[in-house]
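Everything on this sheet refers to the single structure shown next.
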Amino acid sequence: MTNKVRVRIEGLHTVVMDVESDNVELITFGKYVKKGGKHYIKYDELDENSEKVVKNLLKISENEVELVSRGSKSSHMYFAKGKKNYSFYRTPFGEMNVAVDTYSMDFREEEDCLEITLEYGLEVNREHVSECAVSGIYITEIKYIRGKVEPKPLTKKEQRAKAKAAKKAK
């Protein structure tokens with residue numbers, strides 16, 4: 001896979017107390033490198049509340065995913081199937097203790113793409129607040145054809161996930 005990649009993250013965040021669900025989707029571009037059997041992806045996203053850039057680093061291996069975010073909000077989330085991991089979430093309004101309880105994790109690697117799915121529970125200050133399902137973290141190689149970026153077509157699984165998310169949104 002090349003250094004420049006497209007990052008697409010799709011998921012569902014369900015708040016336990018409200019029984020409300022929010023679809024989450026992020027599409028951006030980033031930089032990719034593989035070292036020592038781990039995949040590293042750096043990408044930026046815009047914090048919707050502060051409109052400031054948050055710098056993210058995804059570290060991915062077959063059995064674990066780490067997400068380190070720095071900016072107007074900072075966090076370090078660690079996902080490993082069957083494990084509960086404790087960390088923090090720092091915002092301009094203060095810091096919270098968080099726990100990520102990873103129920104399931106699937107990882108697929110191909111020559112020009114990575115695909116990760118996660119299901120986990122989220123605790124804030126020792127209180128269970130939400131159930132989360134990341135239906136896909138897709139890292140795909142960017143190809144340049146005639147000066148234009150030509151993203152890889154969606155896989156069948158990506159097409160099903162997109163259709164399912166659109167159906168839920170209606």
Calculate the spin-label point distance for Glu20 paired with Ala163, positioning each point 7 Å from the Cα along the beta-carbon direction, and give it in nanometres.
3.0 nm
Could you provide, to the nearest whole Å², the per residue accessible area of region 28-142 with probe 1.4 Å?
55 Å²
Angle, helix 156-169 long axis vs. longest principal axis of the chain, Cα atoms, 0 to 90°, nearest 10?
40 degrees
Both in Å, the radius of gyration and Dmax of the C-alpha trace of the chain are 16.2, 53
In terms of the alpha carbon gyration tensor, root eigenvalues a ≥ b ≥ c, rounded if a/c is under 1.5 and otherwise prolate when a/b exceeds b/c or oblate, region 52-142 is oblate
Classify region 16-96: rounded, prolate or oblate, from the alpha-carbon gyration tensor (a ≥ b ≥ c, eigenvalue square roots; a/c under 1.5 rounded; otherwise prolate if a/b is larger than b/c)?
oblate
Between Leu58, Leu46, Leu118, where does the largest GNM mean-square fluctuation fall for the chain, given springs only between Cα atoms within less than 10 Å?
Leu46
How large a share of the accessible area of the chain, in percent, is made up of carbon and sulfur atoms when the probe is 1.4 Å and the other protein chains stay in place?
51 percent
To make sure I understand the rule: partners must be aspartates and glutamates, Cα under 18 Å from the Cα of Lys168, and not fewer than 8 residues away in the same chain. Which ones qualify?
Glu10, Asp18, Glu20, Asp22, Glu25, Glu119, Glu131, Glu158
Enumerate lysine pairs in region 34-141 that are 8 or more residues apart or on different chains, then count those whose Cα atoms are under 24 Å apart.
24
So for R0 = 35 Å, FRET eff. of Lys83-Lys4 from the Cβ-Cβ r, to 0.05, ends up at 0.60
Which residue, Tyr40, Tyr32, Tyr138, has the most motion in a Gaussian network model of the chain that connects Cα atoms within less than 10 Å?
Tyr40
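The values are calculated or read from the model by the stated rules, or taken from the named source; none is laboratory data. For clarity, every value in this text was computed on a predicted model and none was experimentally measured. Note that each Cβ is placed from the backbone with ideal geometry, even for glycine, and that neighbours are counted across all protein chains shown. Just so you know, the surface numbers come from the protein's heavy atoms only, side chains and all, with ligands and any DNA or RNA stripped out. Shrake-Rupley method; radii C 1.70, N 1.55, O 1.52, S 1.80 Å.
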